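Each remark here refers to the structure printed beneath this line.
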Amino acid sequence: MDWIPVALLTFKILVLATGMFFAIKWHYDQGKKVEEKRAVLLASGKVAAVFLLSLLAMGLITFFLIRTFASDLSLT
């Protein structure tokens, strides 16, 4: 039972060291991709615009459906 803390500590150090290595490598590689930043921003802008338009369309459709079918549900 005395070897369990040593083994788990060694495993923890290996996992953290591997994670730090890949995090540093990822950040270093991101620095090289400055020219791709514009394309990513443009694509994310398009996705946001499509999302907002579909949200607006769904809201309008819901509003008109409720106005049409819920007119007999008024309690006043």
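The values are calculated or read from the model by the stated rules, or taken from the named source; none is laboratory data. It should be emphasised that the depicted structure is a prediction, and the values quoted were computed from it without experimental measurement. Using ideal geometry, Cβ is built from the backbone for each residue, glycine included, and neighbour counts are taken over all protein chains shown. Surface accessibility is based on the protein's heavy atoms, side chains included, excluding ligands, DNA and RNA. Shrake-Rupley method; radii C 1.70, N 1.55, O 1.52, S 1.80 Å.
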Taking a probe of 1.4 Å and leaving out DNA, RNA and ligands, the chain shows per residue an accessible area in Å² of 99
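In whole percent, and with a 1.4 Å probe on the protein chains, what portion of the accessible area of the chain is carbon and sulfur?
Details: 5770 of 7500 Å².
The C+S portion of the solvent-accessible surface of the chain is 77 percent.
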Checked against the structure, the computed Rg/Rh (Cα atoms, Kirkwood Rh) among (i) 1.47; (ii) 0.95; (iii) 0.97 is the one labelled (i)
Once all protein chains are kept in place, LEU53 shows an accessible area at probe 1.4 Å, nearest 10 Å², of 120
The simple spin-label model distance between PHE11 and TYR28, using points 7 Å out along Cα→Cβ, in nm, is 2.9
